[in-house]
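Here's the structure we're looking at; comments come further down.
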Amino acid sequence: MMRNALALGTYKPPAGMYFVKGDVKINGVVVQAGSPVNPGDTVTTGTDAMAIFLIGRDVYLVRDATRLEIGSESAEAMKQNIADVLRIVNGKMLAVFGQGHKRLEMPTVVAGIRGSGVYVDADPQRAYICTCYGIADLTPLADPTKHQTVKTRHHESPRFVYAARSVSPKNRIIVKAPVVNHTDAELIRLESLVLREPPFVDSRRSGNGGGGGGY
């Protein structure tokens, strides 16, 4: 029924906050499931809190102790009331995006995202970013010449990006990382809210396997 509604253009994904656990605020005000979330808002979560919300065709899961500032800067994004700039000041976010470009700004790196699922965990000294699928252009703030572009289908290229070589255990700004703190089941759940599936689901159906990711 839902797929038929989507084909007919009548399906409307749940708007705003879909799930709230614990201390979740928008612009400093405590919210609950059903509360609106829009570009220009700041979402914060407390200890042991979590939120899942939708803006347009993008779905976000924000874990505990996170501050996420949601921006809309391009003329097209403003017109459609969607987010194209996400500032992860601190904390952890898993997100799946529809078509279009996003810019993720973290204390140590800026990531240009294209049609991706992505997990990030940021603090002032180090950012973790896993491009679960899609394309990401990573530019470390400490040394933009170390720019990397990763293209993945199933978690093949997680990265740590450090604030400086001096705080990196390998004396490098960008370091290969393992897959941590997010699962395929979570990605499938988030995509299902907008009637999509991650690309690795098609791989499993065709018998080609997932290709990396450790799941």
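The values are calculated or read from the model by the stated rules, or taken from the named source; none is laboratory data. Remember, predicted model here, so these are calculated numbers, not experimental data. Neighbour counts are summed over all protein chains in view; Cβ atoms, including those assigned to glycine, are modelled from backbone coordinates with ideal geometry.
Annotations
- Across the range 163-177, the number of residues qualifying as of a type outside the set (A, V, I, L, M, F, W, C) and under 22 Å from Y133 (Cα atoms) comes to 1.
- So V20, is it β-branched (V, I, T) and part of a strand (DSSP E or B): yes
- Residue among L54, L8, L94 that alone is within 30 Å of R172 (Cα to Cα) and either modelled with pLDDT under 95 or not charged (D, E, K, R) (or both): L94
- Test for L104: is it surrounded by 15 or more Cβ atoms within 10 Å (Cβ to Cβ), in contact (Cβ under 8 Å) with a residue 24 or more places away in the chain and outside any strand (DSSP E or B): no
- Pairs where the first residue, in the range 184-201, is touching a residue at least 24 places away in the same chain (Cβ under 8 Å) and surrounded by fewer than 17 Cβ atoms within 10 Å (Cβ to Cβ) and the second is assigned to a helix (DSSP H, G or I) and not aliphatic (A, V, I, L, M), C-beta under 7 Å, 6+ apart: L195/R3
- The residues on offer are A127, A65, and the sole one that is of a type outside the set (F, W, Y), within 27 Å of H154 (Cβ to Cβ) and modelled with pLDDT of 95 or more is A127.
- Residues that are surrounded by 21 or more Cβ atoms within 10 Å (Cβ to Cβ), aromatic (F, W, Y), in a strand (DSSP E or B) and touching a strand residue (DSSP E or B) at 6+ places or on another chain (Cβ under 8 Å) occur at least once in the range 107-124.
- Segments classed as strands (runs of 3 or more DSSP E), wholly inside the range 39-99, with at least 2 members that are touching a residue at least 24 places away in the same chain (Cβ under 8 Å), over 20 Å from A185 (Cβ atoms) and among the hydroxyl-bearing types (S, T, Y): 42-45
- Residue match in the range 94-105 (condition: touching a Lys or Arg at 6+ places or on another chain (Cβ under 7 Å) and among the small types (G, A, S)): yes
- R189 meets each of the listed conditions (1) within 22 Å of R63 (Cα to Cα); (2) touching a strand residue (DSSP E or B) at 6+ places or on another chain (Cβ under 8 Å) apart from (2).
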